[in-house]
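Asker: Supplied in structure tokens, the structure appears directly below.
The values are calculated or read from the model by the stated rules, or taken from the named source; none is laboratory data. If you're wondering where the values come from, they're calculated on a predicted model, not measured in any experiment. Note that each Cβ is placed from the backbone with ideal geometry, even for glycine, and that neighbours are counted across all protein chains shown. The protein model used for the area step is the full one, side chains on, heavy atoms only, and it has no ligands, DNA or RNA in it. Shrake-Rupley method; radii C 1.70, N 1.55, O 1.52, S 1.80 Å.
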Amino acid sequence: MGVGVGDRRKPMRGGPDGRRYEASQVAPEARRGRGATANPDGRFEATRRESFDDGWPDEAERSRRTEVTAERARHIITRNASPDIPFDRSINPYRGCEHGCIYCFARPNHSYVGLSPGLDFETRLFSKPDAAVLLERELSAPGYRPRTIALGTATDPYQPIERTHGLTRAVLEVLAHFRHPVGIVTKSNLILRDRDLLAEMAAQGLVKVAISVTTLDPDLARRLEPRAPHPRKRLEAIRALSEAGVPVMVIAAPIIPSLNDHEIEAILEAARSAGAREANYVLLRLPHELDDLVGDWFTEHYPGRKAHVFSLLSAARGGKTYDAAFGTRMIGQGPYADLIRRRFALAKRRLGFPEEPVRQTTELFRVPPRAGDQLALF
């Protein structure tokens, strides 16, 4: 199989036996507008591809267009028992994300379906067309007890394909019908399409939105998250939602040592001016294949900073590039992590962010009657 002129090979971690495997790095013209520089095999694959240059361009690699496949899920609400996140259930209408954020911690999940966490993650997507139907069934189940559902915890519910598929809107309509609380995480101003619905839910105390702002630098944003909206558009979304009465949190995420950490105060100030009522952050996380994918990205875009970035990250992760321990996996530990934590806290205090978070109510939840249900006589 030819990989195309300009493709090259480099070792990459992977595989259950801990060996290092060869993984193809894709030519720039084949990944224009995408985030990942490579498309390595997933860690669960029994075989590994070996590529070579036979002088012919690879047609498959020449055009990386987005493909969307329908996924027939049996359930739509995912449960978790993680002690360091404020929700125990979530919904992700899509698998994979066209935004192409190189740092996305959900990339390794593509390995579970036999695809690469690299370019496959942002080009070979899955939708769950039955999401709203499944949600209505699960909320109507006897014994269901409402707690806030987090929407978009892995992949963005307002990524570009939502414009045509509309699954997030359909899910929100079900939640509104049941008067069920929801928290939404996104970096897209496409959320403003649903401002009418969100405003109605906010008036009942049912919704909170978190907008992710990684950087205010358009050039850096284009490199880090090539198909996500411009930082200015995200701030405009914060303002528009706030003016509609929807409580908004800004998430400065991820904090990347020596790349965007100097922007913490500026991001918080811009978001607060736009109406954000809460703020949070996450230190860069590099589980599984993400370590090498981000390393490759730095080699191409910021080679002179790579060693320093990974050194600071290692210092905040107990000598490793990633530590999955509850309590510290989101913010790290050690001198560098403590400095980030103190700066964030001081900036929030100076800018007047409230100490108490906005909480959604569960008291309004009810299972609405369905067509054909017999009304009670007494």
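Asker: Look through P117, P129, P157 and report the one residue that is open to solvent by 20 Å² or more (accessible area, probe 1.4 Å) and assigned to a loop (DSSP other than H, G, I, E, B).
Answerer: Working: P117 fails: open to solvent by 20 Å² or more (accessible area, probe 1.4 Å); P157 fails: open to solvent by 20 Å² or more (accessible area, probe 1.4 Å).
Selected residue: P129, the only one of P117, P129, P157 that is open to solvent by 20 Å² or more (accessible area, probe 1.4 Å) and assigned to a loop (DSSP other than H, G, I, E, B).
Asker: Within the stretch 101-131, count every residue that is more than 15 Å from T37 (Cα to Cα) and among the hydroxyl-bearing types (S, T, Y).
Answerer: Qualifying residue count for the region: 3.
Asker: Okay, moving on. Residues G143, G152: which one is at pLDDT below 95 and open to solvent by less than 30 Å² (accessible area, probe 1.4 Å)? It would help to see each step written out before you state the result.
Answerer: Working: G143 fails: open to solvent by less than 30 Å² (accessible area, probe 1.4 Å).
Of the residues listed, the single one that is at pLDDT below 95 and open to solvent by less than 30 Å² (accessible area, probe 1.4 Å) is G152.
Asker: Just need a number here: residues in the stretch 179-196 that are under 18 Å from S90 (Cα atoms) and surrounded by fewer than 20 Cβ atoms within 10 Å (Cβ to Cβ).
Answerer: Matching residues across the stretch 179-196 total 1.
Asker: Another question about this same structure. With respect to P231, determine if the residue is under 20 Å from the mean Cα position of the chain (by Cα), open to solvent by less than 30 Å² (accessible area, probe 1.4 Å) and without any contact (Cβ under 8 Å) to a residue 40 or more places away in the chain. Spell out how you get there, then give the answer.
Answerer: Values: under 20 Å from the mean Cα position of the chain (by Cα): yes; open to solvent by less than 30 Å² (accessible area, probe 1.4 Å): yes; without any contact (Cβ under 8 Å) to a residue 40 or more places away in the chain: yes.
Yes, satisfied.
Asker: Moving on. Kindly list the number of the only condition in (1) closer than 21 Å to N280 by Cβ; (2) open to solvent by less than 50 Å² (accessible area, probe 1.4 Å); (3) free of Cβ contacts under 8 Å to residues at least 40 places away in the same chain that fails for T321.
Answerer: The single condition T321 does not satisfy is (1).
Asker: Additional query: What do you reckon, is I264 surrounded by 21 or more Cβ atoms within 10 Å (Cβ to Cβ), part of a helix (DSSP H, G or I) and modelled with pLDDT of 95 or more?
Answerer: Working: surrounded by 21 or more Cβ atoms within 10 Å (Cβ to Cβ): no; part of a helix (DSSP H, G or I): yes; modelled with pLDDT of 95 or more: yes.
Criteria not met by I264.
Asker: Contact list please: Cβ distance under 6 Å, first residue in the stretch 74-85 and exposed (fewer than 10 other Cβ atoms within 10 Å of the Cβ), second residue in a loop (DSSP other than H, G, I, E, B), pairs at least six apart or on different chains.
Answerer: That search, which allows pairs on different chains as well, returns P83/F326.
Asker: Scan the stretch 267-300 for residues that are open to solvent by 50 Å² or more (accessible area, probe 1.4 Å), under 30 Å from L351 (Cβ atoms) and within 18 Å of the chain's Cα centre (by Cα) and jot them down. Spell out the reasoning first.
Answerer: Here is the first cut: in the stretch 267-300, the ones open to solvent by 50 Å² or more (accessible area, probe 1.4 Å) are 269, 272-273, 277, 280, 288, 299-300.
From what's left, under 30 Å from L351 (Cβ atoms): 269, 272-273, 277, 280.
Residue satisfying the conditions is N280 alone.
Asker: Condition (residue is among the small types (G, A, S) and surrounded by 18 or more Cβ atoms within 10 Å (Cβ to Cβ)) applied to the stretch 351-361: is it met by at least one residue?
Answerer: Restricting attention to the stretch 351-361, the residues satisfying the condition of being among the small types (G, A, S) are 352.
Adding the requirement that they be surrounded by 18 or more Cβ atoms within 10 Å (Cβ to Cβ) leaves none.
No; the residues of the stretch 351-361 include none that is among the small types (G, A, S) and surrounded by 18 or more Cβ atoms within 10 Å (Cβ to Cβ).
Asker: Only one of these is in contact with a helix residue (DSSP H, G or I) (Cβ under 9 Å, 6 or more places away or on another chain), touching a residue at least 60 places away in the same chain (Cβ under 8 Å) and not polar (S, T, N, Q): L135, L175, L139. Name it.
Answerer: L139 is the lone residue from the list that is in contact with a helix residue (DSSP H, G or I) (Cβ under 9 Å, 6 or more places away or on another chain), touching a residue at least 60 places away in the same chain (Cβ under 8 Å) and not polar (S, T, N, Q).
Asker: Need the failing condition index for P303 against (1) closer than 23 Å to L220 by Cα; (2) surrounded by 10 or more Cβ atoms within 10 Å (Cβ to Cβ), just the number.
Answerer: That leaves (2) as the condition not met.
Asker: Please give the number of the condition A30 fails out of (1) among the aliphatic types (A, V, I, L, M); (2) over 20 Å from the mean Cα position of the chain (by Cα); (3) modelled with pLDDT of 90 or more.
Answerer: All conditions pass for A30, except number (3).
Asker: Here's another thing I want to ask about it. Restricting to the stretch 271-322, what's the tally of residues that are of a type in the set (S, T, Y) and under 30 Å from P247 (Cα atoms)? Don't jump to the end; show me each part of the working.
Answerer: We begin by selecting, within the stretch 271-322, every residue of a type in the set (S, T, Y); these are 273, 281, 299, 302, 311, 314, 321-322.
Going one step further and asking which of them are under 30 Å from P247 (Cα atoms), we end up with 273, 281.
Residues in the stretch 271-322 being of a type in the set (S, T, Y) and under 30 Å from P247 (Cα atoms): 2 in total.
Asker: Which residue is least open to solvent (accessible area, probe 1.4 Å), if the candidates are limited to the stretch 160-172 and must be in contact (Cβ under 8 Å) with a residue 24 or more places away in the chain and not in a helix (DSSP H, G or I)? Full working, then the answer.
Answerer: Going through the stretch 160-172, the residues in contact (Cβ under 8 Å) with a residue 24 or more places away in the chain turn out to be 160-163, 165, 167-172.
Now drop any that are not not in a helix (DSSP H, G or I), which leaves 160-161.
Details: P160: 45, I161: 15 Å².
This residue is I161.
Asker: Are there any pairs, at least 6 apart or on different chains, whose C-beta atoms fall under 7 Å, with the first in the stretch 247-258 and open to solvent by 10 Å² or more (accessible area, probe 1.4 Å) and the second acidic (D, E) and assigned to a strand (DSSP E or B), and if so, which?
Answerer: M249/E278
Asker: Could you check the stretch 82-118 and list, in sequence order, the residues that are within 20 Å of V309 (Cβ to Cβ), in contact with a helix residue (DSSP H, G or I) (Cβ under 7 Å, 6 or more places away or on another chain) and hydrophobic (A, V, I, L, M, F, W, C)?
Answerer: Within the stretch 82-118, C101, I102, F105 meet the criteria.
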